[in-house]
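*Asks:* If you scroll down you'll find the structure; I have some questions about it.
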Amino acid sequence: MARPSKLTDAQWESIGKRLLSGESAAALSREFGVSKAAISIRFSKRNETIKSVANQIVETERALSFLNVSEQIAARSLADDLKAISEHLAGAARFGAATSHRLAGIAHMKAAEIDDAKPLTDESLASLKGIAVLTRMANDASEIGLNLLRANKDSNIDEGKVTIEGGLPD
């Protein structure tokens, strides 16, 4: 277990904001009495991400400014639609995962009913068939979430950019 921080969350937040505004890690480390390495470890990746997102926002706003007003509205509407679709898919994935978990639990309970000494009796075979059906249903229920994870992995591999192919239906 890691040693507790000498600084409060509010102090760390202040350091993060000041780093983003251009203050040096060395000066902040002296002021707050922590090592420069501690600051770098905590903030280097986070600050890179924040700067990257800020640059993406600037690029997007610049690209929007080159569109006429009706095209800007269409682009924003499409973006809103894509966010809504993403939220609905995430909800479906959560529901699918919960359903899959429940069905797998039921299959597990059914497996306890099988007589290990006589697994091929009619009663045990019926239980095995039920387990197979429940397991298949559990796997099917998890597909939305698994496909979203695969898609996310693929989009992260593509230089961290998500591309939209085909667009939305009119």
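The values are calculated or read from the model by the stated rules, or taken from the named source; none is laboratory data. Keep in mind it's a predicted model, so treat the numbers as computed, not measured. Every residue, glycine as well, gets a Cβ built from its backbone with ideal geometry; the counts of neighbours run over all protein chains shown. To get the accessible areas, we keep the full protein, side chains included, count just its heavy atoms, and leave off ligands, DNA and RNA. Shrake-Rupley method; radii C 1.70, N 1.55, O 1.52, S 1.80 Å.
*Asks:* Using a probe radius of 1.4 Å on heavy atoms only, what accessible surface per residue do you get for region 1-156? Whole Å² is fine. Don't jump to the answer; show the numbers that get you there.
*Replies:* Values: 11600 Å² over 156 residues.
Dividing the accessible area of region 1-156 by its residue count gives 74 Å².
*Asks:* For region 122-130, what does the Karplus curve 6.51 cos²θ - 1.76 cosθ + 1.60, with θ = phi - 60°, yield as ³J(HN,Hα) per residue in whole Hz, taken in order and with x for Gly and Pro?
*Replies:* Going residue by residue, I get 4, 5, 5, 5, 5, 5, 4, 5, x Hz, with x marking Gly and Pro.
*Asks:* Taking a threshold of 31 Å on the Cα-Cα distance, which of the pairs K45/K153; K6/K51; K36/K83 fall above it?
*Replies:* Working: K45/K153 19 Å; K6/K51 27 Å; K36/K83 39 Å.
In this structure, K36/K83 exceed 31 Å between Cα atoms.
*Asks:* Roughly speaking, what is the centre-to-centre gap between region 18-56 and region 76-133 when only Cα atoms are used, to the nearest Å?
*Replies:* Answer, in whole Å: 45.
*Asks:* Tell me, what % of the accessible area of the chain is carbon and sulfur with a 1.4 angstrom probe? Please report the intermediate quantities before stating the final value.
*Replies:* Working: 7640 of 13080 Å².
After summing per-atom areas, the C and S share lands at 58 percent.
*Asks:* For the pair R3/A92, report the inter-label distance in nm, with labels modelled 7 Å from Cα in the Cβ direction.
*Replies:* It works out to 5.1 nm between the two label points.
*Asks:* From the phi angles alone, apply the Karplus equation (6.51, -1.76, 1.60; θ = phi - 60°) to region 40-52 and give each ³J(HN,Hα) in whole Hz, x where the residue is Gly or Pro.
*Replies:* With the stated coefficients, region 40-52 comes to 4, 4, 6, 10, 4, 5, 4, 5, 4, 5, 4, 5, 4 Hz.
*Asks:* Give the Kirkwood hydrodynamic radius (Å, one decimal) of the chain, defined as one over the mean of 1/r across all pairs of different Cα atoms.
*Replies:* Its Kirkwood hydrodynamic radius stands at 21.8 Å.
*Asks:* Further question on the same structure: How big is region 45-98 along each principal axis, measuring the range of its Cα positions in Å and listing the largest first?
*Replies:* Taking max minus min along each principal axis of the Cα atoms, region 45-98 gives 45, 35, 6 Å.
*Asks:* Next question. 7 Å from Cα along Cα→Cβ at both E48 and F66: what's the point-to-point distance in nm?
*Replies:* 2.8 nm
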